[in-house]
Structure formats: structure tokens, C-alpha cells
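The values are calculated or read from the model by the stated rules, or taken from the named source; none is laboratory data. The model shown is predicted, which means the values in this text are computed figures rather than measured ones. In this analysis, Cβ positions are derived from the backbone assuming ideal geometry, glycine residues included, and neighbour counts consider all displayed protein chains.
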Amino acid sequence: MDKFMKWVIRASIIFSLIYTFKTNHWIGTVGGLIVFIITFFVDYLNLKYLKINKTVIAIVYFYCIFSLVLGSMWNFYDNIEWWDILMHILSGVILGIIGSLILDNYSHKSKTSNSIRFLFVLGIACTGGILWEIYEFTVDTLFKLDTQLSSVSGVRDTMWDLITDFLGGLIAGFYFIKIKKN
């Protein structure tokens, strides 16, 4: 990813961090700090251990802007009813793309069957969704927050999040089966 673009993203996160800190929006502040740190962690991984596809890095960074900066820090989740569903579907697709790249990287040019690719992509997408829900539950428990909206919807929000992560994984899985078939 172009260095200029990466610093534009980091600057937008810093600007949003200042805003959320001044408005005592602690969920957005914590999420923003995590994303800001992740941008440097990805750089470190790329430099020391592996080469992550630049397109994947760009997709992940832009997803972070949409989900954390716009969603959490600028309250799109509260103000746009379908924002959470869209972000979970996109996260399933993105995690599916990452899963397919991992499979390609470790299969070392040996042919992977479409059913194995589909299951692996779907598994990565669903695992990512589960880990995110564990994160939300942990944050809610430790900081007495309600990011999962359990006081309003019981487990409905968590279940919709997992279902839409699954749907995103299905979309990615079918896409890669079609691409590999052609």
C-alpha cells in the first residue's frame, strides 16, 4: 500500500481518536487505538516475516476505516440501522479472501479441491466472526459496556453478527470456487 495512503489513514484515525477522547466515547477511543496499533503491526509483519499482498492490506485498512472510524468512532452503527450487518458481511468476505490467500500460500502450487477451498474460506470467515464476538463479550464484561446490545436484544445482535459473517464467508467461498473453476 502506498505510504502516503497509509499515513492518510493513520491521520484520520488520530483525528477521530482526539474527537472520541474529547467526547468521552471510550468504545471508539479503544477501538481506534487498536486499529492504529494494528497498522504498525502489519508493517512489522511485512518487514520481518511475510509479505502480505498490498491489495489485502488496503482492503483491511479501508474496512477498519468503515467499521471502526465511521462505525464506532463516528456512530454510524447507532445512526444507520443496516451498518452493522453490512460490516459483518464485508468482514466475512474479507476474511474469506485472506483464507484463500493463506491456502494458496501454503499449498505451494499443488491443486486444492474446490470443496476444501470452500470449507477453508468459510471456516476462516466464521472463526473471525466468533473471535470478534468473544472480543465484544470480553470488552463488555471487563469495562461494563454493552457493545453487543445484550440489554436491548438479548443474543439477537450476536446471532445476526455470526449469521452475516457466515453469509460473507459463503459469498467468498462461492466466488473462489467459480474463479478456480474458470
- Task: Just give me the residues in the range 133-161 being in contact (Cβ under 8 Å) with a residue 40 or more places away in the chain and more than 24 Å from N24 (Cβ to Cβ), in sequence order.
- Result: W160, D161
- Task: Filter the range 1-48 down to the residues that are at pLDDT below 85 and not in a helix (DSSP H, G or I), then identify the one that is surrounded by the fewest Cβ atoms within 10 Å (Cβ to Cβ).
- Result: D2
- Filtered residue count, the range 25-73, keeping only those that are among the polar types (S, T, N, Q) and within 15 Å of I14 (Cα to Cα): 3
- Query: How many of the residues in the range 130-182 are at pLDDT 90 or above, in contact with a helix residue (DSSP H, G or I) (Cβ under 7 Å, 6 or more places away or on another chain) and among the hydroxyl-bearing types (S, T, Y)?
  - Reply: 1
- Evaluate the range 129-145: report whether one residue or more is of a type outside the set (A, V, I, L, M, F, W, C) and touching a Gly at 6+ places or on another chain (Cβ under 7 Å). yes
